[in-house]
1. State whether the residues of region 240-258 include one that is assigned to a loop (DSSP other than H, G, I, E, B), in contact (Cβ under 8 Å) with a residue 60 or more places away in the chain, among the polar types (S, T, N, Q) and closer than 30 Å to Ala403 by Cβ.
2. What is the one condition in (1) without any contact (Cβ under 8 Å) to a residue 12 or more places away in the chain; (2) over 30 Å from His406 (Cα atoms); (3) among the small types (Gly, Ala, Ser) that Ala204 does not satisfy?
3. For region 4-19, enumerate the residues that are surrounded by fewer than 23 Cβ atoms within 10 Å (Cβ to Cβ) and either at positive phi or over 14 Å from the mean Cα position of the chain (by Cα) (or both).
4. What are the residues in region 157-190 that are among the hydrophobic types (A, V, I, L, M, F, W, C) and open to solvent by 20 Å² or more (accessible area, probe 1.4 Å), if any?
5. Going residue by residue through region 274-285, is there one that turns out to be modelled with pLDDT under 95, part of a loop (DSSP other than H, G, I, E, B) and closer than 25 Å to Gln379 by Cα?
6. Quick one: which helices (runs of 4 or more DSSP H) lie wholly within region 301-413 and hold at least 2 residues that are under 25 Å from Arg89 (Cβ atoms)?
7. Taking the criterion of being charged (D, E, K, R) and farther than 17 Å from His14 by Cα, would at least one residue in region 64-83 satisfy it?
8. Conditions first: (1) within 30 Å of Ala214 (Cβ to Cβ); (2) out of contact with any Pro (no Cβ under 9 Å at 6 or more places or on another chain). Leu336 passes all but one, so which condition is the exception?
Amino acid sequence: MHVVGVIAEYNPFHQGHAYQLGAIRQAIRARFHDDVAIVAVMSGSFTQRGEAAVLDKWRRADLAVRGGCQLVLELPFLFACRSAQDFARGGVHLLQGLGCIDTLAFGAESPDLAPLMEAARAIDAPETQAALHEALRAGASYAKALTAILQEASGLAADLLRQPNNILAIEYLRAIRGYAQGIEPLLIARRGAGYHEASLGPLASASAIRGELAKAQPDFASLRDSLPEATYAAIRAAFPAEIASTERLFRPLLARLLTMQGRELEAIFGLQEGLANRLLVKSRQSQTLQELIAGMVTSRYPASRISRIIPHLLLGTGERAAREAAETGPLYARVLAFDEVGRELLHAVKERGTLPLITKVSAALNSRERLECDLSPLQAMLALDTRATELRALSLPDSAPLAALHQTDFITSPHFIRSAHHA
């Protein structure tokens, strides 16, 4: 069996994701004539852009398995809510640690792998890194500086380097080159709406779907075309009481700022270089979280970076913890959902993998231990995942059922889904 890894958010799982999984199977069967199993590494309660996931991670993992994955693992919060580089490195590191992944598949706006591989090589060249550090010291943003340098060094088109899925694809390729050379890349050209397009339809973007769900009265008829049947049913059942909105974290954020000293703020991951003072000033001038983020944006600090700071601040992620995580990579493989084939893969991971499998959180960390200061690195990383789950509950409406408000990692088991063999 050929095992393919994907790194995803599935926020929520939509028709474009279903198309990608089908295209992966078709490509692998055509090339290797093998059965195919797909392992997804998925962000948990918060996404790469710092937003609370619209559905909880177990429901999203469940839908991913129903949509074609065999096994869904959680990307720890310390990697999920990070820059594209750290997000990609965390996902690839986790897949490599499973010991059974043959191929990493990913979507991109570019239909051709070659220019993306050239960009990955060019970024890691010593002269590129030296020029990039110099540009950052001069006050340029990472994305703009890197785009300008790569254009000059390799002649790559600026549009190629500005597309969000291309950027992630390049980071996946860099990570494979760095420490997962036994995994082959597979590019699946993105189809349908662009990443930021707001229109709904059969291949609508996840951001368009989330934008519709943010309305008081979403157009569910149009959403039906954009979502697989299982996802549509899950969202109809969850709306509105169990649909998260990061905006609801604004008041908890203000309360958190009231209780913190300046040095505590500056120790939070992402709040260096004067951003702590700017946050305090703008928080007193803003009435909503969206307004606060917009007020924090500068040419050097885009909205995505500012948005990521919010959950890290609320959870107390330290700069040191983030730095150490980047050095070690994920320290475990946390199981969220699987089917019959996924169960076989879990046996393979136990035999061949280098990461411990976590199916029951309390076996590695319980709620009492979480209060202690002397946690192991694995427990500290896992503790943040559990707290992120509980923080996401604060982003639910006041009408949320008690079970949703108090759903925790300590009491929720992985979902086992009996499904047809997709190979």
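The values are calculated or read from the model by the stated rules, or taken from the named source; none is laboratory data. This is a predicted model, so every value here is computed, not measured. Using ideal geometry, Cβ is built from the backbone for each residue, glycine included, and neighbour counts are taken over all protein chains shown. Quick note on the areas: whole protein, heavy atoms, side chains included, nothing else; ligands and nucleic acids left out. Shrake-Rupley method; radii C 1.70, N 1.55, O 1.52, S 1.80 Å.
1. Taking region 240-258 and keeping what is assigned to a loop (DSSP other than H, G, I, E, B), we get 240-245.
Checking the rest, the ones that are also in contact (Cβ under 8 Å) with a residue 60 or more places away in the chain come to 240-245.
Then keep just the ones that are among the polar types (S, T, N, Q); that gives 245.
From what's left, closer than 30 Å to Ala403 by Cβ: 245.
Checked region 240-258: at least one residue is assigned to a loop (DSSP other than H, G, I, E, B), in contact (Cβ under 8 Å) with a residue 60 or more places away in the chain, among the polar types (S, T, N, Q) and closer than 30 Å to Ala403 by Cβ.
2. With respect to (1) without any contact (Cβ under 8 Å) to a residue 12 or more places away in the chain; (2) over 30 Å from His406 (Cα atoms); (3) among the small types (Gly, Ala, Ser), Ala204 is out only on (1).
3. Hits for region 4-19 are Gln15, Gly16, Ala18, Tyr19.
4. In the first step, residues of region 157-190 are kept if they are among the hydrophobic types (A, V, I, L, M, F, W, C); the result is 157-158, 160-161, 167-170, 173, 175-176, 180, 183, 186-189.
Ala157, Leu160, Ile167, Leu168, Leu186, Leu187, Ala189, listed by residue number.
5. No, that holds for no residue.
6. On the way: elements: 303-315, 319-328, 340-352, 377-393, 402-405.
Counting at least 2 such residues, we get 303-315, 319-328, 340-352, 377-393.
7. We begin by selecting, within region 64-83, every residue charged (D, E, K, R); these are 66, 74, 82.
Of the ones still in play, those that are also farther than 17 Å from His14 by Cα are 74, 82.
So far as region 64-83 goes, yes, one or more of its residues are charged (D, E, K, R) and farther than 17 Å from His14 by Cα.
8. (2)
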